[in-house]
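Data first, discussion second: the structure below is written as structure tokens.
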Amino acid sequence: MINAMYIHLQGIKTALAVRMAYRADFFISIIIMLAVEGITPFVTYLVYKNGASLPGWSMYEVLLIQGIFLLSRGISFPFFFGIVWNTIERVREGTFDLLLIKPRSVLHMAIITGFDSEDLGKLIGGIVLFTAALVNIPFPGLFQWLMFGALFLVSLVVMFGFGLILSGLGIVWVANFRVYEIFFSLANFGMYPANIFSKMLQTFITSIVPVAMLGFIPASVLLGRPAEGTLYAVVVSFVFLFLSLLFWKAMLKRYNSAGG
Amino acid sequence: MRDKNFNQVKNLKRQINILKATALTTYKEWAAYRSHMAVSVLVGPVFFLVQVFIWNAIYSTRETVTGLTLNQMLVYFGISAVIGYLTYDSSDMDLQMLIRTGKFITFMLRPVTHSYFAFSQKLGHRILALWVEFIPVYLLFLFVFKINLVPANIFWALVSITLSFILVFLTNYCIGITGFWLTKTEGLRRAFLVLRDICAGVFVPLTLFPDLMQKVLFFLPFQFITYVPIRVFIGSYELAGIKMSIPQIVGLQALSVVAMYLVYKLLWHLGTKRFTGVGA
């Protein structure tokens, strides 16, 4: 375990060193990442500033959901979601083969070599938005914080599940970076209060593909009004991760080297 | 005089042949990856579905938002999505890659300018997108979501979308040209694209912005990329309290294309002077 963590840290160090070759572009990219992630909260702000609202939800409550979503992405995207880009790029170039011959698990190597430093901008954005929303709502109690902490970890589990599915797709669907768009289009449902969606969709985002866990469910606990079916969504999240892992392994078996 | 006219016709024919050949090659090249493009058939409607629920919830307590009804708001997002498929451009990324890798040098030796080559490529790429992305998503919006995507005046809508097509190319190409000064410009490129899309009204209608910002946006060229074609499509134009007729705003859009062309010419002139490619 310690050895695995040491290798992971080495991967992060190497990725940062490579990225620092173009420092100006790196810092611009981090700021841009912040700006890109600010679009949805900005639209929410504009809607509320024009006197409109999502019924039953104040602006800061909605921003809290979006802040938690961003926080979850801010941790997952740099530290393990880079597996998606890394896999697609390596399969396209033919260098995915190199991961197969390393004396470590292919999955671990794909994660380590996929550290994405630019996405740390998302983490900064998440912290800022989360804090800004939090100071404008009644401060949560200790139990709410504990529940939130547990659910936030589950949101990372769901993120990892998505990472595995997209990476698995990248193994067989050569050079298609648009798989990210599939994720974003689905994840969009987790950035808003679930009660604005139809019953069928609410069931879908909590009990089938648990995207509500990415923002809405942890935020609901922090706001002191837990979402319906939270426990069920937690179980589904772990099942989702398990199935994603199976999917990734099945795709790996189907990998055909491009011989780059 | 006759010889001069003959040469002009011959040159025009040659340019058209280059355009056709490049567009056709790009079309064939990208047709191999048509499944990548077809992702839009899933992603576009899913994104739109979220918008439908959000705006339905918002409008459940009011009739209008900044003067737009629920139906108009959904039409806005529907048109924005489908116009995006027609005008999408990646010339900035392509040009910057060529400059960074030094491969641009081969274009300095070719009997055709890179900008014309890139424009022809875009044309071929978008013709493919017409049937892989635009038509399927258009039909889904029309029949599944029941969004009225019929332009108020088809002539002006086509003119406006064509001008937007050229404007997106020119603005992106200018960003690509910055690669002559900056070694790696991915960050700047993304910054520009975000700023462009916000100011163009891709994410929300520009009338939702504060008054002061609307006034600033009125004088920037970005509104002509998305906001203006959508308003032309709908059949009415208003921004920052300024109402204009459709021919007037399309006329302004044409002027912005000319202005952007001049900016491109200037940047190109300055940028190519800086280029040094070794053994690409």
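The values are calculated or read from the model by the stated rules, or taken from the named source; none is laboratory data. Values in this document were obtained by computation on a predicted structure and should not be read as measured data. Methodologically, a virtual Cβ is constructed for each residue, glycine included, from the backbone with ideal geometry; neighbour enumeration extends over all protein chains shown. All accessible areas refer to the heavy atoms of the entire protein, side chains included, with ligands and DNA or RNA removed. Shrake-Rupley method; radii C 1.70, N 1.55, O 1.52, S 1.80 Å.
Is it the case that residue A:109 is open to solvent by 10 Å² or more (accessible area, probe 1.4 Å) and farther than 20 Å from residue A:218 by Cα? For residue A:109, the condition - open to solvent by 10 Å² or more (accessible area, probe 1.4 Å) and farther than 20 Å from residue A:218 by Cα - is met.
Need a quick list: helices (runs of 4 or more DSSP H) entirely within the range A:1-63 having at least 3 residues that are within 12 Å of another protein chain (Cβ to nearest Cβ). Before the answer, list the steps.
Working: elements: A:2-19, A:23-37, A:39-49.
Helices (runs of 4 or more DSSP H) meeting the threshold: A:23-37, A:39-49.
Conditions (1) in a helix (DSSP H, G or I); (2) of a type in the set (A, V, I, L, M), marked per residue:
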{"residue": "A:84", "(1), (2)": "yes, yes"}
{"residue": "A:89", "(1), (2)": "yes, no"}
{"residue": "A:115", "(1), (2)": "no, no"}
{"residue": "A:131", "(1), (2)": "yes, no"}
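Pull up the range B:48-87, narrow it to residues that are among the polar types (S, T, N, Q) and closer than 19 Å to residue B:228 by Cβ, then point me to the one that is modelled with the lowest pLDDT. If we take residues in the range B:48-87 being among the polar types (S, T, N, Q) and closer than 19 Å to residue B:228 by Cβ, then B:66 is modelled with the lowest pLDDT. Among the residues making up the range A:45-64, those that are crowded, with 22+ Cβ neighbours inside 10 Å and either out of contact with any Ser or Thr (no Cβ under 8 Å at 6 or more places or on another chain) or under 30 Å from residue A:257 (Cα atoms) (or both) are A:54, A:64. Within the range B:30-41, which residues are open to solvent by 90 Å² or more (accessible area, probe 1.4 Å) and without any contact (Cβ under 8 Å) to a residue 60 or more places away in the chain? B:33, the sole residue that qualifies. Within the range B:51-65, identify whether any single residue is touching a residue at least 40 places away in the same chain (Cβ under 8 Å), assigned to a helix (DSSP H, G or I), crowded, with 16+ Cβ neighbours inside 10 Å and more than 14 Å from every other protein chain (Cβ to nearest Cβ), and answer yes or no. Scanning the range B:51-65, I find no residue that is touching a residue at least 40 places away in the same chain (Cβ under 8 Å), assigned to a helix (DSSP H, G or I), crowded, with 16+ Cβ neighbours inside 10 Å and more than 14 Å from every other protein chain (Cβ to nearest Cβ), so the answer is no. Residues in the range B:146-160: is at least one closer than 21 Å to residue B:43 by Cβ, in a helix (DSSP H, G or I) and touching a residue at least 24 places away in the same chain (Cβ under 8 Å)? Within the range B:146-160, none of the residues are closer than 21 Å to residue B:43 by Cβ, in a helix (DSSP H, G or I) and touching a residue at least 24 places away in the same chain (Cβ under 8 Å). Suppose we keep only residues that are over 27 Å from residue A:41 (Cβ atoms) and within 11 Å of another protein chain (Cβ to nearest Cβ) within the range A:153-195. Which one would you say is nearest to the chain's Cα centre (by Cα)? Here the answer is A:169.
Can you tell me which residues in the range B:196-220 are within 14 Å of the chain's Cα centre (by Cα) and either open to solvent by 20 Å² or more (accessible area, probe 1.4 Å) or free of Cβ contacts under 8 Å to residues at least 60 places away in the same chain (or both)? Within the range B:196-220, B:196, B:197, B:198, B:199, B:200, B:202 meet the criteria.
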